[in-house]
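Visitor: The structure follows.
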Amino acid sequence: MNRERWGNKLGVILAVAGSAVGLGNFLRFPVQAARNGGGAFMIPYFIALFLLGIPLMWIEWTIGRFGGGFGHGTAPGIFHSLWQKNRFIKYFGVIGIFGPIVIFIYYIYIESWLLGYSFFSLTGKYAGITDETGMISFLRGYQGIIHNEFFSGIKTAYMFFLITFILNILVVFFGIKKGIEKICKIALPLLFILAIIIMVRVFTLKSPYNPSWSPYNGLGFLWNPDFSALKDAKVWLAAAGQIFFTLSVGIGVILTYASYLKKDDDVLLSGLTAASTNEFAEVIIGGSIIIPAAFVFFGHNGISLVAQQGAFDLGFVTMPLILKTFSGGMLFAFIWFLLLFLAGITSSISLAQPAVAFLEDEFNISKKKAVGIFAIVCFTLSHLAIFFLAKGAVDELDFWGGTFALVVFATVETILFAWIFGIDKAWEEMHSGSDIKLPYVYKFIIRYITPAFLLFILGFWTYQQAVPTLLLKGVHKENIPYILSTRFVLVALFLTIAFMVKKAWEKRNI
Ligand code: PFF
């Protein structure tokens, strides 16, 4: 079968960078940094970038291109191409379709709030609110959790969700070149411009309360290194988790994008360029917005305020409040939400592609049908996030899809590539068609350090988080039925995909 292809090299780099640059860069990163001691967080963060993030980026580009050569765009088929003798490995690949769907169904809902808030910033709907409590109440009203003078129920949120959902489906429907690549070529440069405008605005802010609360002093929090935290395993886990999430690696998405490359297309320089673009957006721009802005407004307490808030609430409560205090505030708030929306949509379309590619590649059905099935399933599943938000469903989805699935998948793909496919063949495959030659030390890193690091994280995570989470530790009693139903749906989804893999391979053997 003739598979789709990217238009050009810049297009695929921007699409991968578009997937990577997302809410994770502007919202999750500052919160993680603030929670884990700022300058203490940045050291494990950079170590994880060089020992996990960048190697995984290269691995996924390479195995994606490799599997694409056999007509497979998703992990079950790609894993099977790497280890053709093994009949079982394809089932590990199920995670690479399951994980992106699980992230998609809540990520897209949060993305739709950004569209809503862009609109409210233009219309001035929350312009009269002057404090945190007011903004929180506005957000909870929007989410349909409480009733207030701004919203009656979840209708408005639901409408913005529908618009966002349809936009995502349309982009994916138009395909790799005419949909995803085209949107990313526009949205990514645009969002960089908007982010730089916000960053410059933050750096020209003057504290209304204390002249020493300057944005520059706020930056010191992130950039004064603190080596003492290296002893703390929790900081390492948080740093590694952020690297996975922000680079979109370890979940199956990059391999699908890379499967649309040609056999002799470069992967190493392109992967590195996409990763560097993401890091620029994260540590340079993402690190210079929320933290310094909160510092200008709240001083040293601002940082702990950032640390205490949920990763996503922060952008909807604290940032607009800060921005709108200063002149032209609502316009800057609009730019802030629009930039986040653009960052969100270029990420969510990448989460949709694996499931669509799986249906197209393995069942030989048309794009229209594949997108239709995906849309119906995800539309239905998204209601878990919409209606059970206050019951903790989003956190639950984020844990299994955005954390656990990721570490397991990354470990499997790395061992498969470096040990089963074999490091010599792997190294050769990485360099085939490449525009750069990697330093030899990376052969050693990919063979030993990355898998060891991953196994350590997997072990520690299972012990520290998966077991207590599985046993529902810390879940409010009244939320238990909702969490259990969410879990039930997740198990059913996983088994359905596994069953489909079985069927697809049975058909092929005939
Ligand atoms: N990298 C995205 C962000 O930083 O927001 C989130 C994401 C997208 C994670 C796609 C995983 C993924 F496959």
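The values are calculated or read from the model by the stated rules, or taken from the named source; none is laboratory data. Note that the coordinates shown come from a computational prediction; the quantities given were computed from them, not determined experimentally. Counting neighbours? That spans all protein chains shown, and the Cβs are built from the backbone with ideal geometry, glycine included.
Visitor: Residues that are within 11 Å of the ligand (Cβ to nearest atom) and under 24 Å from Ile457 (Cα atoms): list the helices (runs of 4 or more DSSP H) wholly contained in the stretch 1-57 that include at least 1 such residues. Please lay out each step first, then the result.
Guide: Details: elements: 9-20, 29-35, 39-48.
Output list reads 9-20, 29-35.
Visitor: Here is a further query. Take Phe79 and tell me if it is within 15 Å of Thr411 (Cα to Cα), surrounded by 24 or more Cβ atoms within 10 Å (Cβ to Cβ) and away from the ligand (no atom under 14 Å from the Cβ). Can you show your working first?
Guide: Details: within 15 Å of Thr411 (Cα to Cα): yes; surrounded by 24 or more Cβ atoms within 10 Å (Cβ to Cβ): yes; away from the ligand (no atom under 14 Å from the Cβ): yes.
Taking the combined requirement at face value, the residue satisfies it.
Visitor: For Lys263, indicate whether it is within 22 Å of the chain's Cα centre (by Cα) and away from the ligand (no atom under 16 Å from the Cβ).
Guide: Answer is no for this residue.
Visitor: Taking the options Phe70, Phe66, Phe88, name whichever one is more than 16 Å from the ligand (Cβ to nearest atom) and surrounded by 24 or more Cβ atoms within 10 Å (Cβ to Cβ). Break it down into steps so the answer makes sense when it comes.
Guide: Values: Phe70 fails: surrounded by 24 or more Cβ atoms within 10 Å (Cβ to Cβ); Phe88 fails: surrounded by 24 or more Cβ atoms within 10 Å (Cβ to Cβ).
Of Phe70, Phe66, Phe88, the one residue that is more than 16 Å from the ligand (Cβ to nearest atom) and surrounded by 24 or more Cβ atoms within 10 Å (Cβ to Cβ) is Phe66.
Visitor: Based on what the data block shows, is Phe173 aromatic (Phe, Trp, Tyr) and within 23 Å of Gly7 (Cβ to Cβ)?
Guide: yes
Visitor: When you scan the stretch 419-475, how many residues do you find that are touching a residue at least 12 places away in the same chain (Cβ under 8 Å), small (Gly, Ala, Ser) and closer than 21 Å to Trp236 by Cβ?
Guide: Looking only at that region, the number is 1.
Visitor: A further question on this structure: Which members of the stretch 318-330 meet the condition of being β-branched (Val, Ile, Thr) and surrounded by fewer than 21 Cβ atoms within 10 Å (Cβ to Cβ)? I'd like the intermediate steps shown before the answer.
Guide: So in the stretch 318-330, the residues β-branched (Val, Ile, Thr) come out as 318, 322, 325.
Hit for the stretch 318-330 is Thr325, nothing else.
Visitor: Could you tell me which numbered condition Ile436 fails, if it satisfies all but one of (1) aliphatic (A, V, I, L, M); (2) crowded, with 19+ Cβ neighbours inside 10 Å; (3) modelled with pLDDT of 95 or more?
Guide: So the condition that Ile436 fails would be (2).
Visitor: Restricting attention to the stretch 257-277, which residues are among the hydroxyl-bearing types (Ser, Thr, Tyr) and under 25 Å from Tyr45 (Cα atoms)?
Guide: At the first step, the residues of the stretch 257-277 found to be among the hydroxyl-bearing types (Ser, Thr, Tyr) are 257, 259-260, 270, 273, 276-277.
Of everything in the stretch 257-277, those that are among the hydroxyl-bearing types (Ser, Thr, Tyr) and under 25 Å from Tyr45 (Cα atoms) turn out to be Ser270, Thr273, Ser276, Thr277.
Visitor: Here is a follow-up. Scan the stretch 121-161 for residues that are within 20 Å of His383 (Cβ to Cβ) and either β-branched (Val, Ile, Thr) or touching a strand residue (DSSP E or B) at 6+ places or on another chain (Cβ under 7 Å) (or both) and jot them down.
Guide: Of the residues in the stretch 121-161, the ones within 20 Å of His383 (Cβ to Cβ) are 139-146, 151-161.
Within the stretch 121-161, Ile145, Ile146, Ile154, Thr156 meet the criteria.
Visitor: While we're looking at this one, here's another question. Which helices (runs of 4 or more DSSP H) sit wholly inside the stretch 325-429 and have at least 1 residues that are within 14 Å of the ligand (Cβ to nearest atom) and more than 30 Å from Ala466 (Cβ to Cβ)? Write out each step before concluding.
Guide: Working: elements: 329-363, 367-387, 393-399, 405-415.
Those helices (runs of 4 or more DSSP H) span 329-363.
Visitor: Another one. Based on this model, can you work out whether Leu314 counts as over 15 Å from the mean Cα position of the chain (by Cα) and either modelled with pLDDT under 95 or among the charged types (D, E, K, R) (or both)? Please lay out each step first, then the result.
Guide: Numbers: over 15 Å from the mean Cα position of the chain (by Cα): yes; either modelled with pLDDT under 95 or among the charged types (D, E, K, R) (or both): yes.
Taking the combined requirement at face value, the residue satisfies it.
Visitor: Just one of the numbered conditions (1) more than 23 Å from Asn168 (Cβ to Cβ); (2) of a type in the set (A, V, I, L, M); (3) crowded, with 24+ Cβ neighbours inside 10 Å is not true of Val31; which one?
Guide: Among (1) more than 23 Å from Asn168 (Cβ to Cβ); (2) of a type in the set (A, V, I, L, M); (3) crowded, with 24+ Cβ neighbours inside 10 Å, Val31 violates only (3).
Visitor: Exactly one condition in (1) touching an Asp or Glu at 6+ places or on another chain (Cβ under 9 Å); (2) surrounded by 22 or more Cβ atoms within 10 Å (Cβ to Cβ); (3) part of a helix (DSSP H, G or I) is false for Lys177; which is it?
Guide: The failed condition is (2).
Visitor: Another question about this same structure. Please tell me if Leu305 is in contact with a helix residue (DSSP H, G or I) (Cβ under 7 Å, 6 or more places away or on another chain), part of a helix (DSSP H, G or I) and modelled with pLDDT under 85.
Guide: Numbers: in contact with a helix residue (DSSP H, G or I) (Cβ under 7 Å, 6 or more places away or on another chain): yes; part of a helix (DSSP H, G or I): yes; modelled with pLDDT under 85: yes.
Here the answer is yes, as Leu305 does meet what is asked.
Visitor: Filter the stretch 94-129 for residues that are free of Cβ contacts under 8 Å to residues at least 60 places away in the same chain and not hydrophobic (A, V, I, L, M, F, W, C); which is nearest to the ligand (Cβ to nearest atom)?
Guide: We begin by selecting, within the stretch 94-129, every residue free of Cβ contacts under 8 Å to residues at least 60 places away in the same chain; these are 112, 116, 119-120, 123, 125, 128.
Filter once more, keeping what is not hydrophobic (A, V, I, L, M, F, W, C): 112, 116, 123, 125, 128.
Details: Ser112: 15, Gly116: 18, Thr123: 27, Lys125: 26, Gly128: 31 Å.
Here the answer is Ser112.
Visitor: Moving on. Quick test of your reading of the structure: Leu455 fulfils all but one of (1) surrounded by 15 or more Cβ atoms within 10 Å (Cβ to Cβ); (2) of a type outside the set (Ser, Thr, Tyr); (3) in a helix (DSSP H, G or I). Name the failing condition by number.
Guide: Condition not satisfied by Leu455: (1).
Visitor: Which of the helices (runs of 4 or more DSSP H) found entirely inside the stretch 81-165 contain at least 1 residues meeting this: more than 25 Å from Val356 (Cβ to Cβ)? Show your work before the answer.
Guide: Working: elements: 89-92, 95-123, 132-142.
Of the helices (runs of 4 or more DSSP H) lying wholly inside the stretch 81-165, those with at least 1 residues that are more than 25 Å from Val356 (Cβ to Cβ) span 95-123, 132-142.
Visitor: Which numbered condition in (1) of a type outside the set (A, V, I, L, M, F, W, C); (2) within 30 Å of Gly271 (Cα to Cα); (3) buried (at least 23 other Cβ atoms within 10 Å of the Cβ) is the only one that Tyr117 fails?
Guide: Among (1) of a type outside the set (A, V, I, L, M, F, W, C); (2) within 30 Å of Gly271 (Cα to Cα); (3) buried (at least 23 other Cβ atoms within 10 Å of the Cβ), Tyr117 violates only (2).
Visitor: Please give the number of the condition Thr273 fails out of (1) closer than 30 Å to Arg3 by Cα; (2) within 13 Å of the ligand (Cβ to nearest atom); (3) surrounded by fewer than 24 Cβ atoms within 10 Å (Cβ to Cβ).
Guide: So the condition that Thr273 fails would be (2).
Visitor: Residues in the stretch 147-180 that are over 20 Å from Tyr107 (Cα atoms) and either touching a Leu at 6+ places or on another chain (Cβ under 8 Å) or not charged (D, E, K, R) (or both): how many? I'd like the intermediate steps shown before the answer.
Guide: Applying the first criterion (over 20 Å from Tyr107 (Cα atoms)) to the stretch 147-180 yields 147-153, 174-178.
Add one more test, that the residue is either touching a Leu at 6+ places or on another chain (Cβ under 8 Å) or not charged (D, E, K, R) (or both), and what stays is 147-148, 150-153, 174-176.
Residues meeting the conditions: 9.
Visitor: Tell me, yes or no, whether the stretch 409-428 has at least one residue that is among the acidic types (Asp, Glu) and under 27 Å from the mean Cα position of the chain (by Cα). Outline the logic, then answer.
Guide: Kept after step one, since they are among the acidic types (Asp, Glu), are these residues of the stretch 409-428: 413, 424, 428.
Those still in the list that are under 27 Å from the mean Cα position of the chain (by Cα) too: 413.
Looking through the stretch 409-428, at least one residue is among the acidic types (Asp, Glu) and under 27 Å from the mean Cα position of the chain (by Cα).
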